[in-house]
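Q: Input: one structure, supplied below.
Here, each number is a calculation from the coordinates, and none is a lab measurement. No experiment lies behind these values; they were computed from the predicted model shown. Here the Cβ positions follow ideal geometry from the backbone for every residue, glycine too, while neighbour counts run over all protein chains shown.
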């Protein structure tokens, strides 16, 4: 403070009287000449908005709870990860690339207690419960004076070249996957808990001022504050402006006050009163602040006076305040500007030499208390200037406005379903077994899981990719009886319970069903549902069923059977280089899983084989010959696209017919066959028809042919 400096100079030059003169001059010059607020910059809101990595940028001191971006102080290059899938039997493999990075972010230049939520590009990376939305290794160094070096940084830079950054709180991310952020380090913001309880303006001022600022006031509490600026003086002045405080010199330092009792009475005889024009008083005061209700994003509160004239005064306060507290700050600044329009000026004798700026007095003949703003020694007289002391404003309710928060749903544990599929039904000819993997979560925050499979019961694992959410899954509440795949099942009504209330089902008309909508697996049967009605938060009632889809049998299922939709984008279809009867183990691990979730199944190779023929018919010619006809099905295309023929999907069209228990087989290249009457004796004789495919023979479709009787 100029007061303290000039007091010391005066004491050196002129002894005790010189010290008094120097002190009086210093008090007059204090804020007028030496430390004009215009020449200093305090902290601003924008300094915390964007993450940077620049040499020479100051790292703020944080108090209370605040959301900050920090500065990247160390980083590796992007690390490339290669994953090879498929291949074998002459088929090309697919290689996918992903990237990760390790880096450190400086958060505060004083110790902190913890870190809460973390946002990446505006979306939550870590939730309020401490749950991570993506898998990552995270370490927090709280900024203690004895904190060790980070092991990852030391391993990369060398133990002798790695600073411990003592006194600086920083966070280290190890192998953060970058696929969700465009393969770059995202812009991160951190909810930093610097102190376990809300600090006061006075406590913050003492912390940043070291031994210079003393006392306990002001006692105005704030949720958080970032001390970021050119120097401590600029920060302290901003705090005083917000709290309605001022500085008073003391023998042991400088005290910030915002209230106090009068300790002296001034005789105002012969004094003057000066009133500043109303046009020089702001008409509107706007206070920008960090609003905890808005996830620490910027909020603005206004105070407006009546009358004409005046501009808008804007205050950027890097304080965390609720809307009501910020409104009170704006009202207080405006009220003080109106009150201090009135300036009293008094001349008195040397008995008032000990009175300096900041002292609170009463003026004879005037109501209220007054604060001395200047004291000047002129010709054995002390000239004092006073402004009224404005009481603290009454809190006024205020709104934070519309709040749009990033979703913070817990991930829960992974739910995994794996089953062999006959095909994808889009015209693709498959030459390998295929497994469909569907994963979801027990809570709405589940997003993805890494999938692996093993063909040797877990001895070795092969990466299969990533399964994303999107499927609805749960279990069957009511049993589903066997049905027919030839007709729409309007008799069956089933109830299913989903894993959580964030999952939902939709209706579909006949056109949408024909295009594959609402395909679901219940037990081992694929079916489609046309109508879905919600019973409660997790229970849905389904009817209008198309049964036995995708080459499965309309065999029905018992209550408790699995239910999972398989028509969305979250499916992972994995072609396998595996022989039939191979034991396969599939594992999934999401961010909420302590251990991997596993499922076992036996590969039958169904995707490689044709489907059994349908619509078997038997008739007789006049000569007694049995004419057997059927319709083939396609394993590659499930839709009847042209209304004439289905895609063959095999190298050639061929069928095998076996009569009864005979070992002999008849083969034909057309979907009919004439069988001699002698092949059938009196009674019922089964005839089995299979389609011969490129990689094997389908299961048989059977028809009972009655032998011809003669009377």
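Q: Over the Cα atoms of region 414-607, what Rg and Dmax result, in angstrom?
A: Both quantities, over Cα of region 414-607: 16.4, 48 Å.
Q: Based on the alpha-carbon gyration tensor of region 487-543 and its eigenvalue square roots a ≥ b ≥ c, which shape applies: rounded if a/c is under 1.5, prolate if not and a/b is larger than b/c, or oblate?
A: prolate
Q: Of all DSSP beta bridges in the chain, what percent run antiparallel (nearest 5)?
A: Counting only bridges with both partners in the chain, antiparallel ones make up about 95 percent.
Q: Moving to a separate point now. Quick one: in region 217-357, what % of C-alpha pairs are over 28 Å apart?
A: The answer is 32 percent, as a whole percent.
Q: What value does region 125-205 have for Rg/Rh, both radii from Cα atoms and Rh as Kirkwood defines it?
A: Over the Cα atoms of region 125-205, Rg/Rh equals 1.03.
Q: For the chain, what does the relative contact order come out to in percent, with C-alpha contacts under 8 Å and a separation of six or more?
A: Result for the chain is 9 percent.
Q: Moving on to the next point. Could you give the length gained on full extension between residue 94 and residue 621, defined as 0.36 nm per residue of separation minus the Cα-Cα distance, in nm?
A: Taking residue 94 through residue 621 to full extension adds about 184.2 nm, to one decimal.
Q: Points 7 angstrom from Cα along the Cβ direction at residue 364 and residue 629: gap in nanometres?
A: 12.7
Q: May I ask for the equivalent-ellipsoid semi-axes of region 310-388, computed as the square root of five times each C-alpha gyration tensor eigenvalue and listed largest first in whole Å?
A: 33, 13, 12
Q: Nearest 10 degrees is fine. How inclined is helix 232-243 to the longest principal axis of the chain, computing both from alpha carbons?
A: Helix 232-243 and the main axis of the chain meet at about 90 degrees.
Q: Run the quick spin-label model on residue 83 and residue 378: label points 7 Å from Cα toward the beta carbon, then report their separation in nm to one decimal.
A: Going from the residue 83 label point to the residue 378 one covers 8.1 nm.
Q: How many Å³ per residue does the convex hull of the Cα positions in the chain occupy?
A: So the per-residue Cα hull volume is 217 Å³.
Q: Follow-up. In whole Å, what three semi-axes, largest first, describe the equivalent ellipsoid of region 614-706 built from its Cα gyration tensor (square root of 5 times each eigenvalue)?
A: The equivalent ellipsoid of region 614-706 has semi-axes of 26, 15, 11 Å.
Q: If r is the Cβ-Cβ distance from residue 394 to residue 272 and R0 is 35 Å, what FRET efficiency results, to the nearest 0.05?
A: Efficiency at R0 = 35 Å is approximately 0.65.
Q: Restricting to Cα pairs below 8 Å that are 6+ residues apart, what does the relative contact order work out to for region 45-193? Please round to a whole percent.
A: Dividing the mean separation by the residue count of region 45-193 yields 31 percent.
Q: Only counting other Cβ atoms within 10 Å, I'd like 567, 514 sorted with the fewest neighbours first.
A: Ordered from fewest to most neighbouring Cβ atoms within 10 Å, 567, 514 come out as 514, 567.
Q: What number, rounded to the nearest 500 deg cm²/dmol, is the helix-based mean residue ellipticity at 222 nm of the chain, given -39500 (n - 2.57) per DSSP H run of at least four residues and division by all its residues?
A: Helix contribution divided over all residues of the chain: -3500 deg cm²/dmol.
Q: Shifting gears a bit: Helix 323-339 sits at what angle to the longest principal axis of the chain, using alpha carbons and giving 0 to 90 degrees rounded to 10?
A: 20
Q: Can you quote the Å³ per residue value for the convex hull of the Cα atoms in region 586-634, rounded to an integer?
A: 121
Q: State the extension gain, in nm to one decimal, for the chain segment bounded by residue 354 and residue 678, taking 0.36 nm per residue of separation less the distance between their alpha-carbons.
A: 103.2 nm
Q: I need the calculated FRET efficiency for the pair residue 408 and residue 193, taking r as the beta carbon distance and R₀ as 22 Å, to the nearest 0.05.
A: Efficiency, rounded to the nearest 0.05: 0.85.
Q: Which value in Å is the Kirkwood Rh of region 410-500 over different Cα pairs?
A: In region 410-500 this quantity evaluates to 16.1 Å.
Q: How many nm is it between the label spots at residue 75 and residue 515, if each spot is 7 Å from the Cα in line with the beta carbon?
A: Here the answer is 4.3 nm between the modelled labels.
Q: Right, another one. Please give the peptides 398-411, 61-74, 168-181 ranked by average Cβ packing (other Cβ atoms within 10 Å per residue), highest first, as a rough proxy for protection.
A: Descending mean neighbour count gives 61-74, 168-181, 398-411.
Q: OK, next. In percent, what relative contact order does region 161-237 have, based on Cα pairs under 8 Å that are 6 or more apart in sequence?
A: Normalised by residue count, the contact order of region 161-237 is 22 percent.
Q: Taking just the C-alpha trace of region 45-193, give me its Rg and Dmax in Å.
A: So, for region 45-193, Rg and Dmax equal 17.5, 64 Å respectively.
Q: Given the Cα-Cα distance of residue 694 and residue 475 and 0.36 nm per residue of separation, how much length would full extension add, in nm?
A: Full extension from residue 694 to residue 475 adds 75.1 nm.
Q: Set the Förster distance to 35 Å, then compute FRET efficiency between residue 583 and residue 653 from the Cβ-Cβ distance, nearest 0.05.
A: Using R0 = 35 Å, I get an efficiency of 0.55.
Q: Taking N as the number of residues in region 466-572, what is its alpha-carbon radius of gyration divided by 2.2 N^0.38 Å?
A: Expressed relative to 2.2 N^0.38 Å, the Cα Rg reads 0.97.
Q: Nearest 5 is fine: what % of DSSP beta bridges in region 174-333 come out antiparallel, could you say?
A: Of those bridges, close to 65 percent are antiparallel.
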